[in-house]
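Working notes for the structure below.
Read-outs: derived from the displayed coordinates by stated rules, not from any lab. All values reported here derive from a predicted model rather than from experimental measurement. Here the Cβ positions follow ideal geometry from the backbone for every residue, glycine too, while neighbour counts run over all protein chains shown.
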Amino acid sequence: MNTISLDKPLIKRRPFSFEKWAPALLLLTAIILYVVACIVTGQTQYLTLDNLLAVVGRSIALGITAIGQTFAILVASIDLSVASLISASAVLSSVVMNGNPDMVVPAIVLALILGAVVGLLNGLVITQLKVNPLIATLGMSLIIQGVLSAFVSNFAGSVPEEFQFFAYGSVFGLPFGTVFFFGLAFLAFFILRYTRFGSQIYAVGGNPDAARFAGISTTKMIVSAHIICSICAVIAGLYLASRLRSGAPWIGSDGLYDLESIAVVVIGGTILAGGRGGIWGTVAGMLIFSLVDSFFNIIEIDAFVKQVLRGVIIVAAVAFYSVKSRRAVA
Amino acid sequence: MKQKPVIEMQNIGKGFPGVVALNAVSIECYSGEIHALVGENGAGKSTLIKILSGVIQPDSGRITLDGEAVSFKHPLESLNAGISVIYQEFSLLPDRSVAQNIFLGRELTHRGILQNAQMNAQTRKILDMFVGGKKIDPETPLSSLDVASQQMVEIAKAISLNSKVLVMDEPTAALNEAECQELFESVEMLRDRGTAIIYITHRMREVTRLADKVTVLKDGEIAARFNSMPAPEDIVRAMVGRDITQFYAPFASPEEISQQVLCVKGGANASIHNINFSLHAGEILGIAGIQGAGRNALAMAIFGHIPFTQGEVTLLGNKVHLTNPRQAIAAGIGLLPGDRKSEGLTLKQSIRDNAMLSSRALAGIFSSHKANKYIDLAGIDLLLDKMEVKAPSYDYEIQNLSGGNQQKAIVARALSLNPKVLIFIEPTRGIDVNTKASIYQLMRDLARKGTGIIMISSDLPEVVGVSDRVLVMHEGTIAAEFSSGAQEADIMLAATGEMGAVA
Amino acid sequence: MNSLVTFARRYTSINWANINPVYFVLAALIVAIILNNPNFIEPTGYMNFLKRAAPLAILAAGQLYVIVSGGFDLSVGSMITLVVVGSSMLTNNDPAATMWVIPVMFGMGALVGLINGMVVCYLRVPSLITTLGMMITLNGFAFLWSGGAPRGYLPDTFRFFGRVSYKDIPLIHMLPVALIVLVVVGLILYWLMHKTNLGRMIHAIGDNPNTAKLAGVSVNQARISAFIVSSLSAVVAGILLGGFAGVSTSVGVGYELQAITAAVLGGAVLLGGRGSVPATIAGALTLMAIFTLLNFLGMPQPVRQIVQGLILIAAVALTMRRKGKHANS
């Protein structure tokens, strides 16, 4: 990295890049808010490491989904089908496992295949039929939800104890889910930062014409990003099945994973127009969400008021980034 | 010198519906040579370059690279063959670093892992090869570099690609003096390394400073070629000499020009400064200048779109402070945007809807779309008829019309409000010759009826042929003023900052 | 030249190819329904169909305003829920309360539309995010207001609009009030979109906001108006639905997507610039006809969703294809 440190650059970097530090600042604010709330309400027991890990643990599924959503948004697309895909994955895996430890691996493989197929279809509809990504994935969401409701209407199947390790097990004294999430985040970071594939994801989102001129297939990159996004959603569904010990057709849409994953990505500084942002921002966004959620719990706010505030916070967070841009919106 | 040219384009011909863009144009460039391609806007320079880079295909003619015939179907093919083109619009990624941009699409990897350190080091090495590159950090994101440095990145990209041929399209359009000097040195460095450089410009200074050979294009044909450096006047004469008299309407006579309608004193904002001028009823005031000189910024300031932050504007004797186009239109100013597609048209709407847009916008929102206090449907039809807008029906979507007819519909939009001041930005860009003449006639007719007209144009013959008076802008301010009948060469000198004193 | 223009104007007015294909699709579907269920040809058959379709048709016509202006309004489903739940709380079984509750609902709708529009215009948040956020917020309010368990019913005075039909009318035997509401609201929305300057301005800002601004259009005013129209149409749809659906916090679920699907079926171009109120209403009737047909064919409820998803994607893909051809010709 520093092989060129002899040549001191004469052009200074921007003195302070607001966009670059905004997610960190927001995270810091959320942490302060949380700590102050704990101290003021005298509930300092929430400040222990175990409790902080629990705070993170509550948003693992959201975090995993948001990592995938980051890829879709980086190529200037978006995926609104993640919520119903999460439900589908949870139900599929729980039904296939049906309490039988031998079926864990086949169930995971099937779920991953489902994710790959959905992502491929999303990507192809967007790139080949030229359907607006919002509509393409909304339509896909309806289709998945319809198929799902045709087969199940309640909790279906069950998850064997072995598979509950995903949500409840621990490694090196840390919750396995949390370790897995950070592992996945690191993998995504590595792909985006240190592989040609990652570099081309940014290129396609940043300037599709320049990418095409440089010989990059935009179709391939958009389809790949959607496959990654869907596979992450499927993993989030597996996690939820493990956590709830069974799958139900509403867990995705009830968790608002479509909207919240987008909000997490945007709060993390990835712009909806594509080409700028990254995984650590998304991780920060996910932590902000968990902290704000826990903050509401600590100050014992009404669950419905919480929902109202959630909507407001999401819009405010996006506004926080977009007010400064001069881009026309509609 | 050298035996064979690196690149040779022979008898290239290209036609677009209604126009011949290029007719039997040949140009060649040897290794280690700078070949200047000059000509006015619309002379066919960009078409020629697009053919060379494979963006469009020629109708006739052949291209040889290193003696072998080639034909490019896609820009990527020409790039791989060793031809780099630096357009005025850079094809760079604003959020990626300098090194990432230079290696875009051919990143260095080792077992699938990006070799960022290596790419940064190589970029450093390339940037150190020329003056303009030394101060650029390979890890800086592109968006934090100024335009001149971004241009250096494009040059570095060409070097890293080992291009045999480099085409530069008006590279100094947005640079200041010091940056120009750095660019020239970098170009010379490339030449000394043996690159064949085709350098497009219309600034004489750059031609005399850099070029070994000069080809002058005019109206899609070669007007002159010089194998050694001629006198600048010879080049200019070849560029502009054409029969223009019957094309333009006669100038206004002194008695036709009456009272002052618009006056700007000390006007300034972020992109322009110290603007002082006045406009009279009956007059066509041309504003010339190179790209980035502030002509559009001036128009948008008068029109309130990007308002003046200083100075005072007097319109029809009243001091006004216009902060948005709506106020300007209501106050009696009309504007024809320069970029028809992105600023002038609502493509999916009918011709009538486009023509009625402003009058409807200013009338009440609940009033009928058929008639308002300014005009009604019959009135707009009459106006469109009078301007001879050719369409099967005025209910037709405007996107199906030719550029000239679209432009007339936008003129009708402005006229429906009876403006006292009318600003035309590039009124004939992309319009065929016959329609051009009718638009000039229309402008003169409007002036006769007492409208004050400002025309902003990059087309020098048009500026000279139409304007009763010409203001020349340079670096954000008015650098010179000419009365009718000015010489194009003088205007060009003033626009490029060559002329110290005002004529 | 002039005679050519006049001739062409006359000619284009009878050009069959210019008729929106949604009308043919709707006609074909109605024939299919009649073949499956001859009772549909009786007034009770088709009048009940129109009554059930009225809320969606009105909602879609309102949604069209936002779509033509270049955005989306996903908050309308939860707006419907809030109207139904809120009205049941406010009326509190008092039949006389309907008189003032309905205006309050319209006021609330106007406020929601205003907020949506202002957030998009001034905070520059994309409409999709804005209205999704609004959707969550309004759902939260509906829960909050009712304490999670909404009371069972609305007074008959309120349910009048959605439930009652005038009987013993010559020729048609029955006339649902909902249909009268649909015709009246449909005409108003048609007039506003196609016969006033506001409608033209909404088309212009959806087509090209730069051009609109430079031509003197108050872009923000037009955009905010579109969001207000959409929210108000959701209030009307909510009042009608309150008439025949029960009071619950899920009454409006999914309506936002059905409304967008209906508009797209009616040929509206996503991201703005083109759309027709009558065709959108036809699109809504088409969607309802498809649902009805699926019912007659004994398809389970979830199949509706699948079909709707396919229609949504197919309709947009077809519009894109048509547009592509247009540009090439």
Quiz prompt | Value at 222 nm in deg cm²/dmol, rounded to 500, when DSSP H runs of n ≥ 4 in chain B each add -39,500 (n - 2.57) | solution = -9500 deg cm²/dmol
Quiz item: Going by alpha carbons, how many degrees (0 to 90, nearest 10) lie between the helix axis of B:351-362 and the longest principal axis of chain B?
Solution: 70 degrees
Quiz prompt | Radius of gyration and Dmax over the Cα atoms of the range C:21-328, both given in Å | solution = 19.2, 62
Practice problem: Could you pull out every residue, at least 5 positions away or on a different chain, whose amide H is within less than 5 Å of the one on A:SER170? Hs are placed 1.01 Å off N in the peptide plane, and Pro or chain starts have none. | Solution: A:PHE176
Self-check item: √(5λ) per eigenvalue of the Cα gyration tensor, the range B:137-205, largest first, Å
Solution: 19, 17, 10
Practice problem: Stick to Cα atoms and the Kirkwood definition of Rh, then tell me Rg/Rh for chain A. | Solution: 0.98
Quiz item: Residue farthest toward the positive end of the dipole of the protein assembly as shown, with Cβ of Lys/Arg at +1 and Asp/Glu at -1: which of B:VAL261, B:LEU493, B:LEU383?
Solution: B:LEU383
Practice problem: Apply 1/(1 + (r/R0)^6) to the Cβ-Cβ distance of B:ASN11 and B:GLN441, taking R0 = 56 Å, and write down the FRET efficiency to the nearest 0.05. | Solution: 0.95
Self-check item: Cα-centred dipole magnitude for the range B:342-418, charges only on beta-carbon of K, R (+1) and D, E (-1), debye, nearest 20
Solution: 140 debye
Practice problem: Excluding residues on the same chain fewer than 8 positions from A:LYS306, give the lysines whose Cα lies under 18 Å from its Cα. | Solution: none
Quiz item: Among A:LEU272, C:ALA222, B:GLN118, whose Cα lies farthest out toward the positive end of the dipole of the protein assembly as shown, if unit charges sit on the beta carbon of Lys, Arg (+1) and Asp, Glu (-1)?
Solution: C:ALA222
Quiz item: Treating the beta-carbon of each Lys and Arg as +1 and of each Asp and Glu as -1, no other charges, what is the dipole magnitude of the protein assembly as shown about its Cα centre, to the nearest 20 debye?
Solution: 1440 debye
Quiz prompt | Rounded, prolate or oblate (a/c below 1.5 giving rounded, otherwise prolate when a/b exceeds b/c) for the range C:193-329 by Cα gyration tensor | solution = oblate
Quiz item: Applying the Karplus parametrisation 6.51 cos²θ - 1.76 cosθ + 1.60 with θ = phi - 60° to the phi angles of the range C:197-205, what ³J(HN,Hα) value in whole Hz is obtained for each residue in order, glycine and proline being reported as x?
Solution: 5, 4, x, 5, 5, 5, 4, 5, 6
Quiz prompt | Antiparallel bridge percentage (DSSP; both residues within the range B:362-503; nearest 5) | solution = 60 percent
Quiz item: From Cα coordinates alone, what are the radius of gyration and Dmax values for the range B:114-230 in angstrom?
Solution: 15.7, 50
Exercise. Report, for the protein assembly as shown, the % of DSSP beta bridges that are antiparallel, rounded to 5.
Key: 60 percent
Quiz item: Dividing the convex hull volume of the alpha carbon atoms of the range B:7-240 by its residue count, what do you get in Å³ per residue?
Solution: 127 Å³
Self-check item: Test item: Cα-centred dipole of the range B:93-242, Lys/Arg +1 and Asp/Glu -1 on Cβ, debye
Solution: 460 debye
Practice problem: Please label the shape of the range B:361-471 as rounded, prolate or oblate, based on the square roots a ≥ b ≥ c of the eigenvalues of the alpha-carbon gyration tensor (a/c under 1.5 means rounded; beyond that, a/b larger than b/c means prolate, else oblate). | Solution: oblate
Quiz item: Check A:SER158: other-chain or 5+ apart residues with amide H under 5 Å from its amide H, H built from backbone geometry?
Solution: A:ASN98, A:GLY99
Quiz item: Which one of A:PHE189, A:THR65, A:VAL96 has its Cα pushed farthest toward the positive end of the charge dipole of the range A:61-281, where Lys and Arg give +1 and Asp and Glu give -1 at the Cβ?
Solution: A:PHE189
Quiz item: How high is the relative contact order of chain C, in percent, with contacts defined as C-alpha pairs under 8 Å that are six or more residues apart?
Solution: 32 percent
Self-check item: Square roots of 5 times each gyration tensor eigenvalue, C-alpha, chain B, largest first, Å
Solution: 43, 25, 24
Quiz prompt | Cβ-derived FRET efficiency at R0 56 Å, C:THR157 paired with A:VAL105, nearest 0.05 | solution = 0.35
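Given just the C-alpha atoms of the range B:342-418, how large is their convex hull per residue in cubic angstrom?
86 Å³
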Self-check item: Cα gyration tensor shape of the protein assembly as shown, rounded if a/c is under 1.5, else prolate or oblate by comparing a/b with b/c
Solution: oblate
Quiz item: When DSSP assigns beta bridges and you keep just the ones with both residues in chain B, what percent turn out antiparallel, to the nearest 5?
Solution: 55 percent
Exercise. Give the cross-link partners of C:LYS195 among the lysines, using a straight C-alpha distance below 23 Å as the criterion and excluding same-chain residues fewer than 8 apart.
Key: B:LYS348, B:LYS370, B:LYS373, C:LYS213
Quiz prompt | For B:ALA479, distant residues with modelled amide H under 5 Å away | solution = B:VAL472, B:MET473, B:HIS474
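Determine, from the Cβ-Cβ distance of B:SER144 and C:MET89 and an R0 of 51 Å, the FRET efficiency 1/(1 + (r/R0)^6), rounded to the nearest 0.05.
0.40
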Exercise. For B:ALA270, put the label point 7 Å out on the Cα→Cβ axis and report which residues of the range C:180-216 keep their amide N under 19 Å from it.
Key: C:210, C:214
Quiz item: Which value at 222 nm does chain A reach when only helices count, each DSSP H run of 4 or more adding -39,500 (n - 2.57), with the total divided by all residues and rounded to the nearest 500 deg cm²/dmol?
Solution: -22500 deg cm²/dmol
